[in-house]
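Since the structure comes first, as structure tokens, the remarks are kept for the end.
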Amino acid sequence: MAVKALGEHYFKDDNFPLNVCRVVRKEDVTHQFDLTDVEHFHDFTELVFIIKGQGVQVIEQQEYIVSAGDVFVLQGNQKHYFKDSKGIEIVNIMFSLRKKQGVISDDLRKLSGYKALFILESQYRANHHLKNNLRLNRSELAKFEFIMNIMIQEQEQKLQSYEHILKNKLEELIILLSRHYSSLETTEAKSLLRIGKVIEYMEENYFDKIYIDQLAEIAFMSTRNFQRIFQKAVGESFSDYLLSIRLQKARQYLRTTQNSIATIAIDCGFNDSNYFIKCFKKQYNSTPVKFRMRYHAI
């Protein structure tokens, strides 16, 4: 049975959910709550860099032979572990992508490779049993390892404002990885980059009418092909995904404004407030009014 890795064991401060860990099996270098060889999942994001050696990374029961230069992005609910890892050296960077407590800025989320790599890639790979797309050559890996060594040193020494350096270095890693992913020539990577741009458009224009032909044009795909690729990449249709975005925005407005339910419905792209209430109740098992009352009663 898979073990749940709790963020409280890795993040010493809830307001700064970031931790960097090195694991070197040959030298018996590990860390507290090391679950490298134990099937586990968690509610945060994990960047895994293979620094030396080779082994087998198991993600959702799918095995991937990995060696120095391989990089994986693992999302919270994905079950994973290493096997045959006696000679491997890895660096794990664990952090939260939740906007409320996240340690990266909103600007990074708009990078062309960000959504493809950090949101879509891991799910797409796991669902379709595809080979990992992200691999660094020796000189690229050396650049990343230099940055990670600084992070590990700062985390160990804990000098004044070390959190700012860790945050800046994490963002530097994310920028470099996003650039790298954007330059990949594989069919899967190109498709996910295009779907990432579509999702960005949906998130920025959720309040307006959005048609599938528009999105297919943004993705440079035929409508039929876009529907197929979007479903494979995201796991649901574009209309269902757009509905989820609108309902998430509605929850935000219910928490942060005193606007009427009808106004919030319109602001979130619903022309009919009754339809909005129906969708909200189906999604969250609560009416918008009860959700607002419950939230403000906390």
Margin query: Exactly one condition in (1) under 30 Å from ASN92 (Cα atoms); (2) surrounded by 15 or more Cβ atoms within 10 Å (Cβ to Cβ) is false for ASN168; which is it?
Written below: (2)
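Select the strands (runs of 3 or more DSSP E) contained entirely in the stretch 49-88, then report the ones holding at least 1 residues which are within 18 Å of LEU177 (Cα to Cα), in contact (Cβ under 8 Å) with a residue 60 or more places away in the chain and among the aromatic types (Phe, Trp, Tyr). Outline the logic, then answer.
Working: elements: 54-59, 62-67, 71-74, 80-83.
Here the list reads 71-74.
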Next item on the list: Could you list, in sequence order, all residues of the stretch 70-82 that are surrounded by 18 or more Cβ atoms within 10 Å (Cβ to Cβ) and modelled with pLDDT under 85?
Entry: GLN75, GLN78
Check: Which of the residues spanning the stretch 196-231 are surrounded by fewer than 20 Cβ atoms within 10 Å (Cβ to Cβ), assigned to a loop (DSSP other than H, G, I, E, B) and of a type in the set (A, V, I, L, M)?
Finding: ILE210, MET221
Notebook entry, point to check: Only one of these conditions is not met by LYS12: (1) surrounded by fewer than 16 Cβ atoms within 10 Å (Cβ to Cβ); (2) not in a loop (DSSP other than H, G, I, E, B). Which number is it?
Noted result: (2)
Notebook entry, point to check: Which residues, taken from the stretch 185-199, are over 15 Å from the mean Cα position of the chain (by Cα) and closer than 16 Å to VAL73 by Cα?
Noted result: GLU188, ALA189
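Results for (1) basic (Lys, Arg); (2) crowded, with 21+ Cβ neighbours inside 10 Å; (3) touching a Lys or Arg at 6+ places or on another chain (Cβ under 6 Å), shown as yes or no for each residue.
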{"residue": "LEU35", "(1), (2), (3)": "no, no, no"}
{"residue": "PHE44", "(1), (2), (3)": "no, yes, no"}
{"residue": "LYS52", "(1), (2), (3)": "yes, no, no"}
{"residue": "GLU63", "(1), (2), (3)": "no, no, no"}
{"residue": "ALA68", "(1), (2), (3)": "no, no, yes"}
Notebook entry, point to check: Given the residues ALA126, ALA189, which is the only one that is part of a helix (DSSP H, G or I), modelled with pLDDT under 90, in the same structural domain as PHE95 (by TED's automatic domain parsing) and of a type outside the set (S, T, N, Q)?
Noted result: ALA126
Check: Looking only at residues in the stretch 23-48 that are modelled with pLDDT of 85 or more, assigned to a strand (DSSP E or B) and not acidic (Asp, Glu), which one is farthest from GLU8 (Cα to Cα)?
Finding: VAL24
Check: Which of (1) modelled with pLDDT of 90 or more; (2) within 22 Å of the chain's Cα centre (by Cα) does ASP272 not meet, given it meets every other one?
Finding: (2)
Next item on the list: Sort through LYS110, LYS169, LYS143, LYS131 and tell me the only one that's more than 20 Å from GLU200 (Cβ to Cβ) and either modelled with pLDDT under 85 or not assigned by TED's automatic domain parsing to the domain that holds ILE50 (or both).
Entry: LYS131
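The values are calculated or read from the model by the stated rules, or taken from the named source; none is laboratory data. Note that the structure is predicted; figures quoted are calculated from it, not measured. Please note: Cβ atoms are built from the backbone with ideal geometry, for glycine as well, and neighbour counts cover all protein chains shown.
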